[in-house]
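For reference, the structure discussed in these notes is given below.
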Amino acid sequence: MVQKDIPLTAPHDIPLEIQRMAKEAQIGELRKVYSASNRPTKEVGNALVLVGGSLLAAFVFMVLLLTVFAHIDIASFILPFGIFFLLPALLTLLPGCYMLLHRGIYPHWHIYLWHDGFVYEKGQDRRIFRWDQIVSIKGEVKHTEYHHTSKHISFTEEKITYDYQVRHQDGDEVKLSNIFPEIAELIDILLAESARQLAPQEVTVARPESTIALSNFALDQQGIGNEQEKVSWEEIREIVMKDGVAIVRKTL
């Protein structure tokens, strides 16, 4: 099997359990470690905590101010003003704290890529996938454009969303998405390696400009395709994976 050389990126020591699993499954040498990132969630969480904390602080300040200087009964104050301050504060503060601490639930969320497979780790959930044990990969790539306009400048920003399900022969399934910043590279490798295993004959790499692209598809033992078209492995002459998109050329 042709292997793609990838620089090893391991920002931390590989857990002993991961090493043991890889050794028992005989999946070769470690190639790269892909770590999840919760940066977008964290930014939203920070904003919610800031808003909720401000509302809560304003509520507490008003309670102290009115009870000390105006001698107002706290119980009579909380009921009318709590709806405007305390309730919105809790509704923003609690979700914000959850978003900030969410990664604490899964302190380890990685994909360990080896030459003959990968190990999926999410907290204590650890699963190993050899290339020859993957029976299907279903995926969808969405391109969304965001138009930004200000007084002096106007520009368009494109966001690519990846959503993939990798299925093991024993029925196990893992989902891969943009939670991994390098998802495009990771998916390209998974698709290419799985295609080589699932195809009954040798499948070569095609030039993208001369083929048809499938951004929403399923890859399994029967072939590759979507709701509109299904191409069997016997019909495929060349295939390439680029940024999570399957590009195929049929045999004549």
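Between Thr149 and Leu66, the FRET efficiency from the beta-carbon distance, with R0 = 51 Å, is close to 0.65.
Which aspartates and glutamates does Lys32 reach when only Cα atoms under 18 Å apart count, and residues fewer than 8 places away in its own chain are ignored? Candidates past the 8-residue exclusion: Asp5, Asp13, Glu17, Asp116, Glu121, Glu182, Glu185, Asp188, Glu193, Asp243. Working from label points 7 Å from Cα in the Cα-to-Cβ sense, the Ala57 to His115 distance is 5.7 nm.
Taking a sphere under 13 Å around the Cβ of Ile134 and counting the other residues whose Cβ falls inside, with K and R at +1 and D and E at -1, yields a net charge of -2. The Arg20 and Glu182 beta-carbon pair, evaluated with R₀ = 30 Å, returns a calculated FRET efficiency of approximately 0.75.
Every number in this text was worked out from the coordinates using simple rules, so none of it is lab data. All figures in this text were calculated on a predicted structure; none of them were measured in a lab. No Cβ is skipped: glycine too gets one built from the backbone with ideal geometry, and neighbour counts run over all protein chains shown.
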